[in-house]
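Down below is the structure, laid out as structure tokens.
The values are calculated or read from the model by the stated rules, or taken from the named source; none is laboratory data. Just so it is clear, the structure is predicted and the values come from calculations on it, not from any experiment. Note that each Cβ is placed from the backbone with ideal geometry, even for glycine, and that neighbours are counted across all protein chains shown.
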Amino acid sequence: MPAATKPLKRRVLRPLEAMHPVRTNGFDKPIVAIDIDGTMGDYHGHFLAFAERWFGKPMPNADQINPGLNLYKFMGVTKASYREAKLAFRQGGWKRWMPVYPWASWLTENIQSAGAEVWICTTRPYLRLDSIDPDTREWLRRNGIQYNAVLFGDDKYTELKRQAGARVAAILDDLPEMLTRAADIGFKPLYIRNQPYNQDYMGRAHRFNDLNAVSPDIMNDIETWKERHK
């Protein structure tokens, strides 16, 4: 009888590997860090459309100004029911179908063509659901987003600082709290995508309306970084 084959040992990812599965070797290149939801894709419009079906009642229009309220309060639902809806949204693979904003693929291609790297920095909770990573990568692939690394979680900019340090040439995000953390860490320049829910933000970030309009500034930031690091 043939010898029994030894079962393959399943490799268990360490926490750091699991949270940050993609790394880069371009240590001499500048990095442009870009958020996904609300920056490259219409998360709020997509989620509110889902929420109307989930709750069976009208939700606020995504273009309606939100005066700094938490999203569940803006939606007029309890925090617990909002969390249930958000979990169903994630588990149902809806993030794969989020509409992409114009110029997202073009901008990431231009950044790489300029000799920089694109690091995707998202608050999506990688360690909580097995579907987060594949859903995120499928959305990036489907929409032609070019990237060199992906960082997940609320501490994405702390981890960006740890891994990339002074290589960061610019950061694009839509959430005031995330940009405040990035500024506190010492990152600059910062860019905030103009959204109805961040109109009360008065921090140190330049506002932009679309990814085409901000592209010249990002290209300039890349060249400025290169000049400083000759």
Exercise. Which of (1) touching a strand residue (DSSP E or B) at 6+ places or on another chain (Cβ under 6 Å); (2) aliphatic (A, V, I, L, M); (3) not in a helix (DSSP H, G or I) does residue 202 not meet, given it meets every other one?
Worked result: (1)
For this session: Just name the residue that is surrounded by the most Cβ atoms within 10 Å (Cβ to Cβ) out of those in segment 84-118 that are in contact with a Phe, Trp or Tyr (Cβ under 9 Å, 6 or more places away or on another chain) and small (Gly, Ala, Ser).
Result: 116
Exercise. Somewhere in segment 78-93, is a residue of a type in the set (A, V, I, L, M) and either in contact with a strand residue (DSSP E or B) (Cβ under 6 Å, 6 or more places away or on another chain) or not in a helix (DSSP H, G or I) (or both)?
Worked result: no
Problem set entry | Set 39, 24: member being in contact with a strand residue (DSSP E or B) (Cβ under 9 Å, 6 or more places away or on another chain), within 30 Å of residue 111 (Cα to Cα), modelled with pLDDT of 90 or more and of a type outside the set (Asp, Glu) | 39
Seminar exercise, completed: Taking segment 119-164 and keeping residues more than 25 Å from residue 188 (Cα to Cα), small (Gly, Ala, Ser) and surrounded by 18 or more Cβ atoms within 10 Å (Cβ to Cβ) leaves none
